[in-house]
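Working notes, beginning with the structure itself.
The values are calculated or read from the model by the stated rules, or taken from the named source; none is laboratory data. Just so it is clear, the structure is predicted and the values come from calculations on it, not from any experiment. Ideal geometry is used to build each Cβ from the backbone, glycine not excepted, and the neighbour counts take in all protein chains shown. SASA here: full protein model, heavy atoms, side chains in, ligands and nucleic acids out. Shrake-Rupley method; radii C 1.70, N 1.55, O 1.52, S 1.80 Å.
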Amino acid sequence: MTVFFEALRWSKAFPELGFKIFVEGVDRLFTYWCATKKPNGREYGIGDGSTDWQGRVVDENMASRTVFRREFGLPDRPPATSLFFPDAGQVFFRLDWTPSATYVTFDATRWFGAHNHLGCNGITLHAHGHSLLIDSGSLTYHFAHAATINPHLLNELAGPYRKSTRVHNTL
């Protein structure tokens with residue numbers, strides 16, 4: 001997010017450079033960045049995402065968003081608890097923005113190639129501090145090292161099965 005934040009600062013400081021970066025667009029990126037984090041700070045793990053990665057907690061993301069919004073004169077308020085991102089084909093619901101919130105996602109992304117999985121219309125659920133319904137995401141790319149020892153291992157562990165519909169919670 002800092003790249004977009006800095007680019008926006010440059011576009012305002014040096015309009016003669018001709019950068020066309022809009023505050024509303026960067027604000028939407030910050031909101032999406034916050035929305036994609038489970039209440040415990042982990043990624044929600046869509047497609048090749050991984051829920052193993054321990055990200056910044058939601059409070060830290062929200063703090064960064066607040067700094068941005070204050071600097072550019074936007075109202076100091078949290079995002080809505082129900083968010084729809086039509087270009088991404090994703091919906092996020094949460095009871096609130098606390099670390100103990102119940103969090104539900106719905107994925108209606110379209111097929112976009114090798115990094116896409118057959119999890120369209122998939123849901124995830126995180127409640128009471130636990131992920132109850134998950135998107136299998138990526139097993140991890142750490143298996144690539146194991147594949148140098150046993151080339152068949154990577155295909156067995158990270159092959160077509162992990163991208164199939166049956167390993168996703170689809171409607």
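Here are some notes:
- Long-range amide H partners of residue 109 with built H, under 5 Å: 121
- In sequence order, the range 80-88 has phi-based couplings of 4, 8, 10, 10, 10, 10, x, 5, 8 Hz under the Karplus curve 6.51 cos²θ - 1.76 cosθ + 1.60, θ = phi - 60°, and Gly or Pro positions carry x.
- Amide hydrogen proximity for residue 131: with H placed 1.01 Å from N in the peptide plane, no residue at 5 or more positions away or on another chain lies under 5 Å.
- Residues with amide H under 5 Å from that of residue 44, placed H, sequence gap 5 or more: 38
- Surface share of carbon and sulfur [accessible, 1.4 angstrom probe, percent] for the range 72-111: 63
- Per-residue HN-Hα couplings for the range 38-44 [Karplus 6.51, -1.76, 1.60; θ = phi - 60°; Hz; x = Gly/Pro]: 5, x, 7, x, 7, 5, 7
- Averaged over residues, the count of other Cβ atoms within 10 Å places the peptides 11-21, 72-82, 121-131 in the sequence 121-131, 72-82, 11-21, highest first.
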